[in-house]
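Q: One structure, as structure tokens, below. Some questions next.
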Amino acid sequence: MDKVRLLSSPSGETESTGDSDQRQPTTPPPYSGPSLNAEEVSPALVQQIDASVKFPVRYLGLPRLDYRLYSPPLFKLSADTTTISTKAEYLSTNATALAAFIRAQATVPPKPQIQVRGTRGRRLDFDIKLNLMTLLVPEDDRQRIDYLRCVGDSELAYRGGARPDVLPAVGDGGLDEWCRRFTQDTAPVKSFALDRIVANLDTSWIEGQLRSLIASAKYRGSVEVTFLVAHSRVLVHSPDRFNQFLTSVTSLFSSRNKYEVVKAVWPFATTKNGEQGRKCVVNSENVWWLEWRDTIRYVISQRRQGWVTCEDKLESVMEGKCNQAEDINWGPEIL
């Protein structure tokens, strides 16, 4: 057998001596990656990778929240953006996992928003939306007053049946007991819901201010003010044990056991508007209105269709565009 001896050349390649004089590159083949020994991984790098998984990214100008919770793995967002739902089996069979997941989902708020539409006949003059979520989350986490609430013993709710009832009651068992009952429920079709709700926001007062503002702009059309809440529900369905078609057929001929016993409450204020000792989490309705009033008037004068953002506020304040909305020409009336 011929002996082959490898020599290193100045070019970084190897030369073989023997019967063949072939050059073989020392660089790795395509798609191969450099190996990394465990000894070469610094503790600082490990901590950095671990922190990126455990702690959420902070976005400048947005509330301090873990936004990953709005789109967890194996969940789908509904077309109207109100509900995320899943048929992940582990959440229907593991009470500990379900309780931990519900508690995590309760730490992020819903997204309350206002939609204002103005129409004359078949003509849409304006259709604007404003996001109110920032009014639920203070900059200092220690000032948050949101909480998780389970149904009371005498409160009518879906407690694992097809109709609302006051029974069964779990006493002090709370969320953990409801999760245990859900996971041990042998019904072929069942669901467990978490509802995120906004409390103590005076929507009637805000609507009145909006209608007065639009009337002062001499708008003669029909005005519709709607308060919407996106990302307001988390829904866990029983899994498709065989296939989706059979599950759909089963649900037609059998009752669905619903568990709608827990809510994540996100107060706008400690009490309702007008009550003594009321404290708002961020700003009162009046402060918010004074801050956005001129901007809303300006975007309506521009017949805006879409979101009203801080950029609109900057334009109306810095460039004086709010003054351009004093006299609005709405054009001819539409019959």
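Q: Could you list all residues from segment 69-82 that are within 8 Å of residue 231 (Cα to Cα) and either in a loop (DSSP other than H, G, I, E, B) or over 9 Å from the mean Cα position of the chain (by Cα) (or both)?
A: 81, 82
Q: Provide a single number: the residues in segment 301-316 that are of a type outside the set (Val, Ile, Thr) and touching a helix residue (DSSP H, G or I) at 6+ places or on another chain (Cβ under 6 Å).
A: Total satisfying the criteria: 5.
Q: Scan segment 171-182 for residues that are over 25 Å from the mean Cα position of the chain (by Cα) and either within 18 Å of residue 88 (Cα to Cα) or buried (at least 17 other Cβ atoms within 10 Å of the Cβ) (or both) and jot them down.
A: Hits for segment 171-182 are 177, 180, 181.
Q: Could you give every pair whose Cβ atoms fall below 8 Å, whose first residue belongs to segment 179-193 and is among the polar types (S, T, N, Q), and whose second residue is surrounded by fewer than 16 Cβ atoms within 10 Å (Cβ to Cβ), counting only separations of at least 6 or pairs across chains?
A: Going by the 8 Å Cβ cut-off, the qualifying pairs are 183/93; 183/94.
Q: Could you tell me which of the residues 291, 275 is part of a loop (DSSP other than H, G, I, E, B) and either in contact with a Pro (Cβ under 8 Å, 6 or more places away or on another chain) or free of Cβ contacts under 8 Å to residues at least 40 places away in the same chain (or both)?
A: Being part of a loop (DSSP other than H, G, I, E, B) and either in contact with a Pro (Cβ under 8 Å, 6 or more places away or on another chain) or free of Cβ contacts under 8 Å to residues at least 40 places away in the same chain (or both) holds for just one of 291, 275, which is 275.
Q: Listed residues 314, 252, 213, 235; which is farther than 30 Å from residue 169 by Cβ and either at pLDDT 95 or above or buried (at least 19 other Cβ atoms within 10 Å of the Cβ) (or both)?
A: Of the residues listed, the single one that is farther than 30 Å from residue 169 by Cβ and either at pLDDT 95 or above or buried (at least 19 other Cβ atoms within 10 Å of the Cβ) (or both) is 213.
Q: Restricting to segment 185-242, what's the tally of residues that are more than 24 Å from the chain's Cα centre (by Cα) and in a loop (DSSP other than H, G, I, E, B)?
A: Going through segment 185-242 one residue at a time, the tally reaches 13.
Q: Among the residues of segment 255-279, write down those that are surrounded by 20 or more Cβ atoms within 10 Å (Cβ to Cβ), under 23 Å from residue 208 (Cβ atoms) and touching a helix residue (DSSP H, G or I) at 6+ places or on another chain (Cβ under 8 Å).
A: Across segment 255-279, the qualifying residue is only 268.
Q: Additional query: When segment 108-160 is examined, which residues are found to be of a type in the set (Val, Ile, Thr) and outside any strand (DSSP E or B)?
A: Residues satisfying the conditions are 108, 134, 137, 145, 151.
The values are calculated or read from the model by the stated rules, or taken from the named source; none is laboratory data. On a predicted model such as this, the values are computed, not experimentally measured, just so you know. As a convention, Cβ positions derive from the backbone with ideal geometry for all residues, glycine included, and neighbour counts pool all protein chains shown.
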